[in-house]
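S.K.: Sharing a structure, written as structure tokens. Questions coming.
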Amino acid sequence: MNTNKNNLEIITNPSDWNMLLQEIGHYDFYHTFDYHSVEMLDNEVPTLLKYTERDYIIALPLLIRKIGNTDYYDATSVYGYAGPISKGIFPAFNNKLFAKILLTYFQKNNIISVFSRLNPYIKNQLEILKYFGDIVNQGKVVNINLNLDITVQKQNYQNRLKTQINQSRRNCIIKKASTTEDLKDFIDIYYENMSRVGAKNCYFFSENYFKKILASNHFNAEILMAQDKKSSVTIAGCLFVTTNNIVQYHLSGTKFEFLHLSPTKILIDEMRIIASKRGMRYFNLGGGVGGKYNSSLFHFKSLFSKDFKDFNLWKLIVNHKAYDELVEKRINTNTLFFPKYRF
């Protein structure tokens with residue numbers, strides 16, 4: 001652990017990282033070192049910035065990376081919902097000193113821009129980052145409120161969805177992945193699904209990615225799978241990750257020829273029941289492609305619940321001069337992608 005003056009500690013060691021998460025208490029699996037180590041690319045360094053002020057603690061996880069052919073760096077967040085976690089922060093928190101100290105750190109380390117996807121289930125993220133860069137609403141995510149009675153949860157489903165789930169349960173067997181063969185089946189189905197929807201290469205995660213997530217002791221990852229009763233073929237799978245009181249619908253896939261059986265719907269429904277019995281509070285289904293809530297993916301998820309939560313992005317330009325110079329070198333700068341020079 002490197003200690004910077006002015007209440008800022010730079011944590012890159014996994015044991016120190018995990019100790020800080022335990023001290024803060026409320027965090028999601030996207031904040032863990034294990035997930036950062038799985039997500040990082042060769043040129044990225046998982047870094048947890050710990051800020052302390054009186055009884056306040058703020059921890060901001062980032063992936064810090066070199067910008068090729070320059071002396072500059074930038075910082076981004078893992079795929080998913082990250083952003084700052086905190087202890088002792090309240091809605092009226094004055095973040096001026098926090099912003100000043102972090103800005104100084106970024107400047108001294110030639111970090112010219114910072115980006116993070118925020119987590120709708122972590123309190124006080126907007127208060128911590130207000131007036132410090134830009135917070136942009138990217139859309140909505142769908143939450144199944146597990147605090148409701150389990151029967152009320154299903155009553156909130158769209159009527160046709162309830163019918164489809166009942167039909168699917170008659171046609172499918174649900175099991176938990178427990179063998180190497182199960183994992184291979186899930187990965188194959190997931191890859192097929194990604195190919196069908198034309199996903200970018202970065203979403204074709206390696207086998208090692210899945211193994212590491214399932215092996216972590218810092219969150220509970222599990223794969224539910226659906227088998228067709230007639231053929232005994234495994235036709236769908238969903239990877240769910242639970243941390244504290246939050247369940248994340250992380251990745252899924254369905255074989256094309258079995259889409260008509262709606263197996264993903266029963267796997268989500270099954271996880272809802274399991275999570276409710278475990279006493280979980282939130283079941284995040286996520287949003288649409290790129291966070292958009294007018295997409296078919298968002299429509300699918302909204303069949304389960306109308307409890308929508310804002311999905312926000314945090315964008316900070318530290319060095320405007322260097323940022324603009326890099327953007328000018330791009331052929332196409334007409335993009336909403338941030339930072340623009342990496343588009």
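Each value in this text was obtained by applying a stated rule to the coordinates, not by laboratory testing. Every value quoted in this text rests on a predicted model; they were computed, and no experiment measured them. Methodologically, a virtual Cβ is constructed for each residue, glycine included, from the backbone with ideal geometry; neighbour enumeration extends over all protein chains shown.
S.K.: What does the charge add up to near Ser168, with Lys and Arg as +1, Asp and Glu as -1, over the other residues with Cβ less than 9 Å from its Cβ? If you can, show how the numbers build up before the last one.
M.R.: Details: positive: Arg169, Arg170, Lys265; negative: Asp269.
After counting each charged neighbour, the total is +2.
S.K.: May I pose another question? What net charge do the residues around Ser276 carry, taking every other residue with its C-beta under 12 Å from that of Ser276, with Lys and Arg at +1 and Asp and Glu at -1? Provide the component values of the computation, followed by the final result.
M.R.: Values: positive: Lys154, Arg272, Lys277, Arg278, Arg281; negative: Asp149, Asp269, Glu270.
Overall, the nearby charge balance is +2.
S.K.: As a check on your grasp of the helix formula, calculate [θ] at 222 nm for the chain: sum -39500 (n - 2.57) over DSSP H runs of n ≥ 4, divide by the residue count, round to the nearest 500.
M.R.: -10000 deg cm²/dmol
S.K.: Taking the mean number of other Cβ atoms within 10 Å as a proxy for protection, how do you rank 40-52, 275-287, 208-220 from highest to lowest?
M.R.: Numbers: 40-52: 16.8, 275-287: 18.5, 208-220: 15.0.
Result, highest mean Cβ count within 10 Å first: 275-287, 40-52, 208-220.
S.K.: Now a separate question. Starting from the 7 Å offset along Cα-to-Cβ, what nm value, one decimal, do you get for the label separation of Lys321 and His260?
M.R.: My value for the distance between the label points is 6.6 nm.
S.K.: Next up: Go through Lys130/Lys211; Lys301/Lys329; Lys140/Lys229; Lys140/Lys277; Lys184/Lys229 and tell me which ones have a Cα-Cα distance over 31 Å in this structure. Provide the component values of the computation, followed by the final result.
M.R.: Working: Lys130/Lys211 38 Å; Lys301/Lys329 40 Å; Lys140/Lys229 36 Å; Lys140/Lys277 26 Å; Lys184/Lys229 20 Å.
Pairs exceeding the cut-off: Lys130/Lys211; Lys301/Lys329; Lys140/Lys229.
S.K.: Give the separation of the Cα centroids, the stretch 218-259 to the stretch 25-66, in Å.
M.R.: Using only Cα atoms, the two centres lie 27 Å from each other.
S.K.: Also, quick follow-up: Just add up the charged neighbours of Asn319: K/R +1, D/E -1, any other residue whose Cβ is under 12 Å from the Cβ of Asn319. Please report the intermediate quantities before stating the final value.
M.R.: Working: positive: Lys108, Lys321; negative: Asp71, Asp74, Asp324, Glu325.
Every neighbour counted, the sum reads -2.
S.K.: Can you list the residues of the stretch 155-172 with backbone N under 11 Å from a point 7 Å past the Cα of Lys306, pointing along Cα to Cβ?
M.R.: 156-158
S.K.: Can I ask one more? Take Arg330, Arg272, Arg160 and order them by how many other Cβ atoms sit within 10 Å, fewest up front. All intermediate terms of the calculation are to be shown ahead of the outcome.
M.R.: Details: Arg330 13, Arg272 23, Arg160 9.
Lowest count first: Arg160, Arg330, Arg272.
S.K.: Report, to the nearest 10°, how far helix 180-196 tilts away from the longest principal axis of the Cα atoms in the chain, using its own Cα long axis and a range of 0 to 90°.
M.R.: Tilt relative to the chain: about 80 degrees.
S.K.: Set Lys and Arg Cβ to +1 and Asp and Glu Cβ to -1, take the dipole of the chain about its Cα centre, and tell me which of Leu21, Tyr249, Ile173 lies farthest positive.
M.R.: Ile173
S.K.: Could you give the angle, 0 to 90 degrees to the nearest 10, between helix 159-171's Cα long axis and the longest principal axis of the Cα atoms of the chain?
M.R.: 60
S.K.: Another question, if that's okay. If each of His299 and His26 carries a label point 7 Å out from its Cα toward its Cβ, how far apart are those two points in nm?
M.R.: In this crude label model, His299 to His26 measures out at 3.5 nm.
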